[in-house]
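J.: Sharing a structure, written as structure tokens. Questions coming.
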Amino acid sequence: MIFQFFRRTRDDPSIASLYGTIVAQARAKAFYQRFGVPDTVNGRLEMILLHVVLLLRRLNEEPDGAPFGAPWGQAVFDLFCQDMDDNLREMGVGDLAVPKEMRRIGEAFYGRQAAYTGALASSDPQVLVEVLKRNVLEGGEGAEALASYVRAAGQVLATKDINELRQGNLGFPDPADMDNRLDNGTDYGAVVSKDSA
């Protein structure tokens with residue numbers, strides 16, 4: 001399902017690779033078993049949204065007019081929308097209700113994009129924790145660990161050049177390893193910077 005393309009992306013396997021990597025990462029068991037993300041349709045959607053936002057944030061750092069910056073971001077977003085549409089139909093949502101559900105998903109995406117981008121730009125690390133509590137964890141525990149993961153994932157993406165991204169090599173941290181390092185008091189961001197150098 002995630003490899004169904006719009007006309008402008010179907011000939012570029014890089015877009016499918018990027019989106020496939022996002023979906024696979026969003027399904028990592030540690031998010032649901034250790035970080036407290038609800039293992040529900042909405043919980044899994046939130047994790048896909050989070051990783052799409054992280055990738056688009058990285059692609060937007062490419063210079064204006066770069067062929068693999070904003071245009072790729074749009075293509076990934078288009079594929080995300082197509083995947084959500086397909087999933088809704090497979091779940092039995094009727095044709096008349098799909099557009100309404102897609103509007104809801106679109107509003108959620110843009111809201112999350114603004115919230116996560118603002119939180120990651122903030123000098124106060126607690127801002128991201130609160131945003132994740134509200135949007136992903138339904139006020140539950142695990143927000144500190146998830147926030148540390150998100151910051152580490154953003155740092156890793158920032159080290160990737162466009163050729164690595166084209167191959168689907170996003171280098172997301174293993175959330176299970178992230179959780180272990182937090183338990184041991186390791187500064188994961190420092191490890192990422194060292195490992196990526």
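None of the figures in this text is laboratory data; all of them are computed from the coordinates on show. As the structure is a prediction and not an experimental result, all values here were calculated from the model. Don't worry about glycine lacking a Cβ; one is built from the backbone with ideal geometry, like all the others, and counts go over all protein chains shown.
J.: Just to be sure I understand the curve: with the Debye formula and one point per C-alpha of the range 13-196, what is log10 I(q)/I(0) at q = 0.09, 0.18 Å⁻¹?
T.: The Cα Debye sum returns log10 ratios of -0.31, -1.29.
J.: Using Cα-Cα distances under 8 Å and only pairs 6 or more residues apart, what relative contact order does the range 13-196 have, in percent?
T.: Working: 173 pairs, mean separation 54.9, N = 184.
Value for the range 13-196: 30 percent.
J.: Then there's this: By count of other Cβ within 10 Å, fewest leading, how are Leu137, Leu79 ordered?
T.: Least to most surrounded, the residues fall as Leu137, Leu79.
J.: Report the chymotrypsin sites (Phe, Trp or Tyr not before Pro) located in the range 74-116 that are in a DSSP loop and have at most 16 other Cβ atoms inside 10 Å of their Cβ, or state none.
T.: Nothing satisfies the criteria.
J.: Same structure again: Give, rounded to the nearest 20 debye, the magnitude of the charge dipole that the range 13-196 has about its Cα centre when Lys and Arg contribute +1 at Cβ and Asp and Glu contribute -1 at Cβ.
T.: Approximately 80 debye in magnitude.
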